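The structure under discussion appears below in the form of structure tokens.
The values are calculated or read from the model by the stated rules, or taken from the named source; none is laboratory data. For clarity, every value in this text was computed on a predicted model and none was experimentally measured. Every residue, glycine as well, gets a Cβ built from its backbone with ideal geometry; the counts of neighbours run over all protein chains shown. Just so you know, the surface numbers come from the protein's heavy atoms only, side chains and all, with ligands and any DNA or RNA stripped out. Shrake-Rupley method; radii C 1.70, N 1.55, O 1.52, S 1.80 Å.
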Amino acid sequence: MGKLSGLRHLFMTLFLHNFASFMVIPAITDVTMAALCPGRDECSLAIYISGFQQAIIGLGSFVMMPLVGNLSDKYGRKALLTVPITLTIFPLAILAYSRTRSFFYAYYILKILTAMFCEGSVHCLSLAYVADNVPEGRRASAFGILSGIGSCAFVCGTLSTRFLSTASTFQVSTAMAMLSAVYMRVFLPDSIINDNLSTPIISEGKSDDVANQNEEPGKKMQVFKTMPSMEDMLALLKSSLTFSQAAIVSFFSNLADVGLHASLLARFHFNKDQFADLMVITGVAGTISQLLLMPILAPALGEERLLSVGLFFSSAHMIFYSIAWSFWVPYAAAMFSLFYVFSQPCIRSIVSKQIGPCEQGKAQGIISGIGSFANVASPLAFSPLTALFLSERAPFYFPGFSIMCVGFASMIAFVQSLMIRAIPPISSQRVGNCNYMETA
């Protein structure tokens, strides 16, 4: 655990950032309904506008995540973390000031623009930071702890929402987002690859190139030349069968997760406090599982088996949601998060072991980009389906039909995960260049 303790500043930064982000999720539902459909319990416009927002953000993130990851391989994780953590502040500040319709639309537009860069990038860069500093044998546990910190922030942020007014919620969230940015800049050291963990292999010709670059400090690097092309991304995906399989699992898993979130809000008409209760149950169970169970189970079962376990329970709890026959069923189904939270850390750990030490940012960025593409596809597929089966035009009465379809998407990910076979890590054998432009 000594190496993990060295990541305490990253964990604190991530906690503060996630606390600010998660605490507004229950409140944004009420704000959206009040701005778009005041006095109504159902609002198709809110469903479509939320789906459109998620699709645009996902499309932008799909393009940006590989770029962000690749830039972090060259400039360092801290430099790239600064941008999304800072940009997160501005949309929150708008609703902290006012939540009228005009300010909501200003928030809506700015949220789309900033989230295309911010959505998922903090988590992606944090994973790469952990991979830089933790040996392969401990990464699954470290990724689990990182996710557990996020779940803990999820619980604390959601609980705080229960005791704050809507206005105070956004004001506190803005303050915490600012604190996260300041803390990160002051205390977080930049990620430096430890030679004992992985040694970058630079050919003699490359070394000469680096020396020549040092002799020409005035020469500016063109940032967009560092953006991996589609051919580069496909080559990286094809470099390992395990990596390709993990990418497929990631797509369908994210497709289901995003679809479930949107469908739940519309299906059960949760208000701010009810949705907060559901999130607290999910978060507490997930925190306990990731901080206590995963460090034990990951070395014993292996990431591949633990991934399948997590996806099986993910599918099961979605199906329970779809056939909920009483108000208490969604709360009971939320306890499945004890197990389904295993899936994302396991996917990231599997990918991390298949990629060279100097390509961690790019690899995690590609997986995040694939997840973002799923964020685009999910609203397009499930928002119209949800709106249809909650309307009077439904071909048959099954309000949870869209959630059932979400569960089938998760089942596809589960079946694919069963095909992943444990193979020796190859990341230490991969050749790469690590030219950080900034160090701690």
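Here are the numbers:
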{"item": "Gyration tensor verdict on segment 283-331 (Cα atoms; rounded if a/c is under 1.5, prolate if a/b is larger than b/c, oblate otherwise)", "result": "oblate"}
{"item": "Accessible surface of segment 250-345 [probe 1.4 Å, protein heavy atoms]: carbon and sulfur percent", "result": "74 percent"}
{"item": "Protection proxy ranking, peptides 356-363, 295-302, 60-67, 392-399, average beta carbon neighbours within 10 Å, highest first", "result": "356-363, 60-67, 295-302, 392-399"}
{"item": "Rounded if a/c under 1.5, otherwise prolate or oblate - segment 254-395, Cα gyration tensor axes", "result": "oblate"}
{"item": "Solvent exposure, largest accessible area first (probe 1.4 Å, DNA, RNA and ligands not counted), of 190, 257", "result": "257, 190"}
{"item": "Where labels lie 7 Å past Cα in the beta-carbon direction, separation of residue 291 and residue 408 in nm", "result": "3.9 nm"}
{"item": "Where segment 238-374 is the region considered: accessible area per residue in Å², 1.4 Å probe", "result": "33 Å²"}
{"item": "Protection proxy ranking of 330-337, 344-351, 97-104, 167-174 - average other beta-carbon atoms within 10 Å, highest first", "result": "344-351, 167-174, 330-337, 97-104"}
{"item": "Gyration tensor (alpha-carbon) shape descriptor, segment 1-101, a/c threshold 1.5", "result": "prolate"}
{"item": "Linear extension gain, residue 175 paired with residue 59, 0.36 nm per residue minus alpha-carbon span", "result": "38.9 nm"}
{"item": "Mean Cβ count within 10 Å, highest first, over the residues of peptides 157-166, 247-256, 364-373", "result": "364-373, 247-256, 157-166"}
{"item": "Contour excess over end-to-end distance, with Cα ends at residue 238 and residue 52 and 0.36 nm allotted per residue", "result": "63.8 nm"}
